[in-house]
Amino acid sequence: MRTGPEAMATVSTRLCSGNFAVLCRNAQRMHFHSSVTTLKHGAGGRSSDSGLTVTVFGATGFLGRYVVNCLGRMGSQVVVAYRGDEYYCKHLKVMGDLGQIHLRPYSPKDPDSIFNVLKYSNAVVNLIGRDYETRNFTFHDAHVKVAQLVAEASTTAGITNFVHVSALNANPDSPSMFLKSKFEGEGVIQDICPTAAIVRPANMMGDEDRYLNYFAYLARVTRFAPVLRESFETYKEPIYVMDVAKGITNILLDPRCAGKTYEFTGPQRMTVVDMISYVQQVTFRPLYIIKVPRFSYRLAAYMLELNPFFPKLTRDLLIRVSCLT
């Protein structure tokens, strides 16, 4: 990735208000309304200073580690807000120069702890999300309540450079509680922080993803891929996770992106069956496609939801698989 005064790598995105493409480019100088003075120096790169001090919530997730990597490579100070054990995020320390990556514990239900981890920053990235509900956090808790607390703390600290990651197909009328709560979270963020940029990525691909690796798991364990009938007609536009991380970085660097909503999609459209065939070619394992009625698939998803650790499939995920892109 190119950094410095020249230009950063750009990511083509589409505004929700239209079907035209927008390019987010690096601004020469950034002026953020924050109590922290923005100081930018160096030729660019890991050992320089981009002028950004970013608090990243959800940095230990799939997308979070790539966002921290992009920010660290361009010389930004990153405050990694984590909950639980510090050893779960210690691998992020090496993604920036010495002293540039700071690990700070917080509680997603404690507004004071959230404020303490971002009060010295001039930018905030909220990546908090759940693919499935637990006893401690429902979709509404993770996507609405926590997002509201983060936005309120950012507003109190005077931070206007805010990026909130939602999901493609977020809709208040969606039968998926995941997508419905994501849309509700967008509205809460925009009401509290009007300058916040909303990012709606499509299904993300990467080494640690839960999308293509699910089909690879089926190829390794069962050799059969059960699909719904509409999977032959449902098109997806998966995007590489590093492209999403670069796009978020470019939004942080460009003040013109404030208050806008972006949809990140991949360059190719393919059906779910096409992606299964792609996994079969990459893994060199036979994967036989079987058409399964929706009722049987929902029953299997319900049984898998009983897994107390990490369910491979849920009924809500089954709804999202049937959604376009």
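General remarks:
- Taking label points 7 Å from Cα along the Cα-to-Cβ direction, TYR88 and THR138 give a separation of 2.2 nm.
- Region 282-325 residues near the modelled ARG269 label - backbone nitrogen below 18 Å, point 7 Å along Cα→Cβ: 321-325
- Degrees separating the helix 272-283 axis from the principal Cα axis of the chain, which is the longest one: 80 degrees
- The loop-placed trypsin sites (Lys or Arg not before Pro) in region 100-131, going by DSSP, that have at most 14 neighbouring Cβ atoms within 10 Å of their Cβ come out as LYS109.
- Loop-located trypsin sites (Lys or Arg not before Pro) across region 161-259 with a Cβ neighbour count of 10 or fewer within 10 Å are lacking, with loop assigned by DSSP.
- Computed over protein heavy atoms with a 1.4 Å probe, the accessible surface of region 233-281 works out to 40 Å² per residue.
- Radius 13 Å from Cβ of VAL292, net charge of other residues (Lys, Arg +1; Asp, Glu -1): +3
- Rough spin-label spacing in nm, given labels placed 7 Å along Cα→Cβ, for THR155 and ILE290: 5.2 nm
- Here region 74-103 is scanned for amide nitrogen atoms under 12 Å from the site 7 Å beyond the Cα of SER47 along Cα-to-Cβ, giving 97-98.
- Our summary gives the chain a relative contact order of 18 percent, counting only alpha carbon pairs under 8 angstrom and 6 or more residues apart.
- Beta bridges from DSSP with both residues in the chain: antiparallel share about 20 percent, rounded to the nearest 5.
- Cα-Cα pairs of region 220-295 separated by more than 19 Å (percent): 54 percent
- Across the accessible surface of the chain, with the other protein chains kept in place and a 1.4 Å probe, carbon and sulfur atoms take up 53 percent.
- Among LEU253, LEU127, LEU306: highest mean-square fluctuation, GNM of the chain, C-alpha pairs under 10 Å: LEU306
- Cα-based convex hull, region 134-178, per residue volume (Å³, whole number): 86 Å³
- Descending principal axes extents, region 95-182, alpha-carbon based, whole Å: 45, 29, 26
- Residue list for region 282-325, given a label point 7 angstrom along the Cα-to-Cβ vector of GLU233 and an amide N cut-off under 18 Å: 291-295, 319-325
- Among the listed pairs LYS93/LYS246; LYS180/LYS246; LYS90/LYS182; LYS145/LYS236, those beyond 22 Å (Cα-Cα): LYS180/LYS246; LYS90/LYS182; LYS145/LYS236
- Stretching the chain fully between GLN190 and ARG298 yields a gain of 35.4 nm (0.36 nm per residue, less the alpha carbon separation).
- Crossing angle, helix 212-221 versus the chain [Cα axis fit, 0-90 degrees, rounded to tens]: 40 degrees
- Where only C-alpha atoms are counted, convex hull volume of region 169-325 per residue in Å³: 130 Å³
- Potential extension, ASP131-LEU306 segment - 0.36 nm per residue separation minus Cα distance: 61.5 nm
- Alpha-carbon geometry of region 70-133: the Rg and the Dmax are 12.4, 37 Å, given in that order.
- Qualifying aspartates and glutamates (Cα of each under 15 Å from Cα of LYS119; at least 8 residues distant if same chain): ASP110, GLU152
The values are calculated or read from the model by the stated rules, or taken from the named source; none is laboratory data. Please read these numbers as outputs of a predicted model, since none were measured by experiment. No Cβ is skipped: glycine too gets one built from the backbone with ideal geometry, and neighbour counts run over all protein chains shown. In case anyone asks, the SASA skips ligands and DNA or RNA and just uses the protein heavy atoms, side chains included. Shrake-Rupley method; radii C 1.70, N 1.55, O 1.52, S 1.80 Å.
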